[in-house]
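Scroll down for the structure; my scribbles are underneath it.
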């Protein structure tokens with residue numbers, strides 16, 4: 001409900017209205033109070049009633065007005081009138097812009113086929129679903145954005161195929177973790193998905209045990225109980241060695257594994273050869289330090305695995321994700337207060353129209369046959385494989 005704020009001396013006499021909203025300067029959903037005067041936002045502040053950020057606001061959120069009212073922000077359709085790179089543009093009407101775009105789309109569809117159009121976007125944010133819906137609506141299977149392959153989506157795909165859903169760290173329960181393992185992640189500075197940084201800082205106030213896995217000596221690494229300065233890109237080897245220690249030393253949660261895990265015996269057999277001594281020359285982490293970290297993680301509960309996109313910026317990230325998913329699974333730190341949880345699915349997914357595209361047309365998605373989880377029949381969010389797409393642009397094949 002709107003509130004009317006009383007004016008102090010020197011303020012304009014017109015009323016200031018406060019409206020509750022949500023910050024979207026990143027993927028997150030922190031609550032904000034918008035101070036509105038004469039139909040213009042004059043101040044953005046954190047909403048103290050919001051369960052996630054509890055009145056706090058990061059620098060991005062605090063700078064919202066600089067984006068909204070930036071004089072250089074595009075407000076109207078612009079058509080280039082000079083050569084590419086000259087920076088010469090003219091303003092045109094929305095009708096002109098739409099007519100021109102529709103004309104070019106129809107012309108391309110008629111001459112080269114619908115699949116010849118590539119619809120690309122930057123990081124997903126709140127317009128993510130609309131872009132893929134647009135691509136499906138005009139009949140092209142060749143939609144993509146970088147996050148589907150190199151940032152976050154491998155974690156989603158890996159989680160869905162391994163355990164049915166993406167697990168998340170929860171800091172809104174009364175019970176906070178007694179141990180946090182930060183893997184390729186520095187949330188107190190990067191604060192991915194917005195609210196993450198606030199929750200982590202609140203948890204750290206209670207002084208939980210911390211393990212940091214990062215090539216860089218971050219602030220978190222300086223304060224960690226254990227810092228594993230691994231060789232970049234060797235996360236798989238480290239995860240396998242930690243699984244080896246936990247299983248070989250009988251530190252796994254037997255009750256949880258028996259009730260909820262499938263394939264534990266196969267996993268135990270698979271990781272037998274991957275000892276910390278095997279991992280040391282690969283990861284550059286000392287074998288005894290790997291053992292210490294594995295033992296600490298397995299014996300302190302509840303614990304959280306805070307993982308970041310540093311993991312997904314490596315070539316084998318999909319299998320890295322699957323290896324890391326095994327750590328909370330065999331230690332019983334899933335769907336527990338202070339550990340990982342599965343989000344609620346109360347709101348139906350946004351209709352992105354993937355189901356309207358025929359199988360024949362889907363097979364024309366670049367990467368369909370080779371990259372089945374990203375682009376093919378196993379894809380949860382089907383998108384084109386970007387390197388293959390760039391190759392097609394360079395070579396005209398297909």
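How much of the DSSP beta bridge set in region 166-342 is antiparallel, as a percent to the nearest 5? Intermediate values should be presented prior to the final figure.
Working: 3 of 17 bridges.
Antiparallel bridges: around 20 percent, rounded to the nearest 5.
Based on the mean of other Cβ atoms within 10 Å per residue, sort peptides 259-271, 376-388, 61-73 so the most packed one is first.
Ranked by mean Cβ neighbours within 10 Å, highest first: 376-388, 259-271, 61-73.
First measure r as the distance between the Cβ atoms of residue 110 and residue 130, then evaluate 1/(1 + (r/R0)^6) with R0 = 25 Å and state the FRET efficiency to the nearest 0.05. Please list the in-between numbers first.
Details: r = 25 Å, r/R0 = 1.00.
Using R0 = 25 Å, I get an efficiency of 0.50.
Which residues does a label at residue 161 reach in region 356-386, if reach means a backbone N under 20 Å from a point 7 Å past the Cα toward the Cβ?
Label zone hits: 362-386.
Which one, (1) 112, 63, 60; (2) 70, 69, 41; (3) 62, 50, 46, gives Cα extents along the principal axes in Å as derived from the coordinates shown?
(2)
How far, in degrees from 0 to 90, does helix 317-331 lean away from the longest principal axis of the Cα atoms of the chain, to the nearest 10?
For helix 317-331, the angle is close to 50 degrees.
Based on the Cβ-Cβ distance from residue 83 to residue 137, what FRET efficiency comes out when R0 is 45 Å, to the nearest 0.05?
On the way: r = 33 Å, r/R0 = 0.73.
Plugging the Cβ-Cβ distance into 1/(1 + (r/R0)^6) gives 0.85.
Return one number: the angle in degrees, 0 to 90 and rounded to the nearest 10, between the long axis of the Cα atoms of helix 128-137 and the longest principal axis of the Cα atoms of the chain.
The answer is roughly 60 degrees.
Return a whole-number percent for the relative contact order of the chain, with Cα pairs under 8 Å and 6 or more residues apart as the contact set. Before the final figure, lay out the partial values.
On the way: 659 pairs, mean separation 64.5, N = 398.
Contact order relative to length: 16 percent.
Can you give the FRET efficiency to the nearest 0.05 for residue 360 and residue 15, using r as the Cβ-Cβ distance and R₀ = 51 Å? Before the final figure, lay out the partial values.
Values: r = 59 Å, r/R0 = 1.17.
Taking R0 as 51 Å, the efficiency between residue 360 and residue 15 is 0.30.
Using only Cα atoms, tell me the angle between helix 386-395 and the longest principal axis of the chain; keep it within 0 to 90° and round to the nearest 10.
With rounding to tens, the tilt is 50 degrees.
Beta carbons within 10 angstrom, averaged per residue: use that to sort the peptides 280-291, 316-327, 33-44, 90-101, highest first.
In decreasing order of mean packing, 280-291, 316-327, 33-44, 90-101 become 316-327, 280-291, 33-44, 90-101.
Between residue 395 and residue 223, with labels modelled 7 Å along Cα→Cβ, what's the label distance in nm to one decimal, could you check?
5.1 nm
Before rounding to the nearest 500, sum -39500 (n - 2.57) across all DSSP H runs of length at least 4 in the chain and divide by the residue total; then give [θ] at 222 nm in deg cm²/dmol.
Values: 17 runs with 149 residues, N = 398.
Theoretical 222 nm ellipticity from helices: -10500 deg cm²/dmol.
Rule-based calculations on the coordinates, nothing more; no lab input. Keep in mind that this is a model prediction, so the values were computed, not measured. We place every Cβ from the backbone using ideal geometry, glycine too, and count neighbours over all the protein chains shown.
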